[in-house]
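What follows is a single structure, written as structure tokens, with notes after it.
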Amino acid sequence: MPKILLVEDNEMNRDMLGRRLKRHGFDLCFAVDAPSGIAMAGTELPDLILMDIALGEMDGWEATRRIKSNPATAEIPIIALTAHALASDRDKSVEVGCADFDTKPVDLPRLLGKINACLGTAPGK
Amino acid sequence: MRSRLRLSPEMIYPLLDWFIPPALKAERGTHQRARIFLVSHFFGPFLGHTITVYLYWLDPHPSYGLWVLASAITIYWAFPWLLKRTGAFTTLSLISVANLVFMILWGCYHYGGLSSPFVAWLVVVPLLAFLYLGPALIPRLMVLGMIAGGVGIFYLFYAAGHSFPEHVPLHALGGIGIVSTISAAVYVSMMALYYANIVANQSELEREVQNHRATAIKLREAKDEAENANLAKSEFLAKMSHELRTPLNAVIGYSEMLLEDAESEGGDTQAVEDLGKINISGKYLLSLITDVLDLSKIEAGKMELFNERFDLDRLIDDLTAAAQPLCTRNGNRLVVERGDGLGDAEGDITKLRQAALNLLSNAAKFTKDGEVTLSVAREATPGGDCLRIAVRDTGIGIARENLRKLFQNFSQAEAWLSNKYGGTGLGLALTQKLCRLMGGDVMVESELGQGSCFTIRLPASLARAVQRRELDWAAEPVQDGGAARRDIILVVDDDPAVLDLMQRVLVKEGFRPVLADDPGKAVALARAVKPSVIVLDVLMPGMNGWELLRAIKADAELDAVPVVMLTVVDDRRTGLALGAVEHLVKPVDRDVLMRVLDRVCPRGKADQPAEPTTSKPMVANA
């Protein structure tokens, strides 16, 4: 069962997306901010990370950069989630090393497609 | 109000200005001094000759002294012509003053020596000289030198005991003393009155200009305030929309989850239906909020385009899939017409889809048991390919008088529509703004009760989209009946982009544009081409538009040609005070420009069969 780390500070979004993903056969773990997300990436070693960008003090891009700079977690694909579909957001996500980018509110079928695509190409899977 | 019969110095201005070369008119002060010079040279000799005539009456067989005096006075009438011919205003002024000094001293020498009645005229010399010569120091010193030198030489003669000729006995000169003093007094008063009038007018003008400046500042402040308020509104809307979206996402997400649960359990159909309603209402609310957010983003200039290549057939499939359920709901048939060779296009497909879907959902909403047609075609135009996406329906239609406000925010054609059909009136406003952002536009044709047709036209490639956006209003469709016009419009602007833009618009409207990028040559060019209207930019290097406007208005051949000022700053009243018929602030709206041109050069005049010309514009380069 593929394990997904969801880094999201909004409780309802975390709960909702987590439960729906569980229902689609994923094992979920959660982080509520960027530092704990970075830490959990190292301890849980998930197959994929869903990273919210607007996370308060440290944003999702910075968290992604740090996860990618740690050899132990560098290979984990990360999908960025932002509220705005701005070209600059997408460019920045790619720049810091995200495998893909999606907008909130989450369109579940679309996100599932992206998750599966990432897992299919993720090394070590 | 000024009575019609009142005499004022302005009445002789046309006569005076005929003698003044254009170069002297460019600067206001010089222009005024040249007018004083002319007034003095027209009327001065009449007063001077009262003395010669009187002398002739005293002594009917005068010596050469009188003839020389008479000639020196008469020669003044040649000065206006010399001014017109040479334009050498300062030189002529100095010669004129020198002649005056000579005349006075000559008169004194021959008629009475130091006690001559002519001495009074010396008072006139500096007054006139300084009126002619203005504030320049060297000419002033030259004049003072002339007077001092002349009087000095004269006194030397006197001191050396030279015997002065006595053509007329001194006691007989008493009468001439009175005549001479009265003439000098009249002359001085006349010049003083004239000068006082100018000063009065000038302070009036200055007050006027000051008022205009104050108004301009107030207007600018009001404009800034309004712009800031608008920005604040947009930011508020963006923030609010964001705050509203978060809880709404929860409503949609949880209702979707519950819906999935209820469906998989296959149980309570009523619950499934209710959850469906919550979900759909949530999504509808979200779409409205998204529209508000998008509108405010566009208004705040923060909307970004996400351009990519896309397949047009796929776009049509997407749109059909999304519109089909909307059409079916009202018993409408959805017809899709695909043009030949659609291929790929470049642009922001998400925003294009959003714009087109707005039109489709409107068509489906306002049509019942009818037909909604989506037709997509690629059109070749001189500037490159265009996409045409038309949505036609057989619905309720829109009354002609309502078409205009159709694209305004929060506006629906009729108030009752929102009660009956729902909706906020944001869709079309957003569609239009999106289309314009993408370098195109949306147009509407409609007949009440027959149906409507909305057409989006967009450039099919990005390079053109950018170009189109820059040229914005030049790219708008041609209005009816434009081609018949033949009026020449002279456009003076140093910015080649503006000239290019004006040329396109004017040619398209059937005018004949003549373009000048050098304001220095504009007057000569205007004389040569005799335009119906002159369009003037205010900010140009070298000569600014106001000066040029003044020069045009001071030119006898051109002063009747209407001038439209074009500026980036709103300084309308200055332009109008200087004689412009209209004042437009850049960037100029094409419709506004056409309305102004229609007004200042009516079509009737233009319909005369003009000499055969091509619509190719002439360009005068610097």
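The table for this structure:
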quantity	calculated
Residue match in the range B:270-292 (condition: part of a helix (DSSP H, G or I), closer than 30 Å to B:Cys435 by Cβ and of a type in the set (D, E, K, R))	yes
Residue list for the range B:359-389, filter: open to solvent by 30 Å² or more (accessible area, probe 1.4 Å) and not in a loop (DSSP other than H, G, I, E, B)	B:Ser361, B:Asn362, B:Lys365, B:Glu371, B:Arg378, B:Glu379, B:Ala380, B:Thr381, B:Asp385, B:Arg388
Search result, residues across the range A:4-17 that are farther than 14 Å from A:Pro46 by Cα and either away from every other protein chain (no Cβ under 14 Å) or crowded, with 16+ Cβ neighbours inside 10 Å (or both)	A:Glu8, A:Asp9, A:Asn10, A:Asn13, A:Arg14, A:Asp15, A:Met16, A:Leu17
Any hit, the range A:23-42, residues being basic (Lys, Arg), modelled with pLDDT of 90 or more, out of contact with any Gly (no Cβ under 7 Å at 6 or more places or on another chain) and exposed (fewer than 15 other Cβ atoms within 10 Å of the Cβ)	no
Residue within the range B:337-349 that is open to solvent by less than 10 Å² (accessible area, probe 1.4 Å), in contact with a Phe, Trp or Tyr (Cβ under 7 Å, 6 or more places away or on another chain), among the aliphatic types (A, V, I, L, M) and at pLDDT 90 or above present	no
All helices (runs of 4 or more DSSP H) inside the range B:54-144 with 1 or more residues being out of contact with any helix residue (DSSP H, G or I) (no Cβ under 7 Å at 6 or more places or on another chain), open to solvent by 10 Å² or more (accessible area, probe 1.4 Å) and in the same structural domain as B:Gly161 (by TED's automatic domain parsing)	B:64-74, B:79-86, B:89-110
Qualifying residue in the range A:39-47 (condition: away from chain B (no Cβ under 11 Å), among the acidic types (Asp, Glu), out of contact with any Pro (no Cβ under 8 Å at 6 or more places or on another chain) and part of a helix (DSSP H, G or I))	yes
Residue within the range A:62-84 that is more than 14 Å from chain B (Cβ to nearest Cβ), assigned to a loop (DSSP other than H, G, I, E, B), within 22 Å of B:Asn249 (Cβ to Cβ) and open to solvent by 40 Å² or more (accessible area, probe 1.4 Å) present	no
Every pair of residues 6+ apart whose Cβ atoms lie under 6 Å, when the first sits in the range A:1-28 and is closer than 23 Å to A:Thr73 by Cα while the second is aromatic (Phe, Trp, Tyr) and open to solvent by less than 30 Å² (accessible area, probe 1.4 Å)	A:Pro2/A:Phe26; A:Ile4/A:Phe26
Members of the range B:298-312 found to be open to solvent by less than 40 Å² (accessible area, probe 1.4 Å) and part of a helix (DSSP H, G or I), listed by number	B:Ile298, B:Leu312
Among residues of the range B:294-327, those that are in contact (Cβ under 8 Å) with a residue 12 or more places away in the chain and away from chain A (no Cβ under 14 Å), counted	14
Residue match in the range B:189-197 (condition: within 25 Å of B:Phe43 (Cβ to Cβ) and of a type in the set (S, T, N, Q))	yes
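The values are calculated or read from the model by the stated rules, or taken from the named source; none is laboratory data. Fair warning: this is a prediction, and the values are worked out from it, not measured in the lab. All Cβ positions, glycine included, derive from the backbone under ideal geometry; neighbour counts span all protein chains shown. Remember, those area values only see protein heavy atoms, side chains included, never the ligands or the DNA or RNA. Shrake-Rupley method; radii C 1.70, N 1.55, O 1.52, S 1.80 Å.
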